[in-house]
Structure formats: C-alpha cells, structure tokens
Amino acid sequence: MDRFRYGARCERDGRAWTVDVPELRIHTFGATLADAEEMARDAIALVLDAPVERVSVALEVVGTPGAPHGSAGAGKAGGEAEQRPHRAR
C-alpha cells in the first residue's frame, strides 16, 4: 500500500496552532502541536480519500523561537499547552 507524506507549516496563533498544507491547499488548527498534526493528517486523508493510517505529516514550526520541529517534539510542546486552564469566553 502507498504511504502519503506531506509537509506542513505550523505556527502559533494565540492559544492554538494553525497548520497549512500548501500542496493540498489545506488550512486547519489544533490546541496543541500534537492536535495540529492529527488534524492535518485527518484533513489530508479526507482530501485524498485514503485511510489516515497511511498519511504522515512533517511539521515545520515557524515564527516561534525555540519551538520543537517535527512530530518528535510535538508531545512536549503539546503537553505544556494543555496544562493551562481553559477559560470559556
């Protein structure tokens, strides 16, 4: 089976992370880097009509000094963001 690999640009936007997959013109977001990566994978799978298990994303984190790059650091950064209390507006 084929694997689908795409690059994505991820940037902090307030309390969330926005993700762009320019090759497929996808724009999505997540509360953490891990969420953003998952949302990008889900959106790619939907556009390609492919199982999400066959989609991988290489996140390029931009505009955030010291932010981890790629999904390997997503868990750490995501955990830090999740520790903040959520306040309803």
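List pairs: first residue in the stretch 38-52 and touching a residue at least 12 places away in the same chain (Cβ under 8 Å), second residue open to solvent by 80 Å² or more (accessible area, probe 1.4 Å) and in a loop (DSSP other than H, G, I, E, B) anywhere in the structure, Cβ distance under 9 angstrom, at least six positions apart or on different chains.
Note: pairs meeting the criteria are Val47/Arg25; Ala50/Asp2.
Looking at the stretch 1-21, which of the residues that are farther than 12 Å from Glu60 by Cα and not hydrophobic (A, V, I, L, M, F, W, C) is most open to solvent (accessible area, probe 1.4 Å)?
Arg5
The values are calculated or read from the model by the stated rules, or taken from the named source; none is laboratory data. Owing to the predicted nature of the structure, the values given are computational and were not obtained by experimental measurement. Note that we place each Cβ from the backbone using ideal geometry, even for glycine, and neighbour counts take in every protein chain shown. SASA here: full protein model, heavy atoms, side chains in, ligands and nucleic acids out. Shrake-Rupley method; radii C 1.70, N 1.55, O 1.52, S 1.80 Å.
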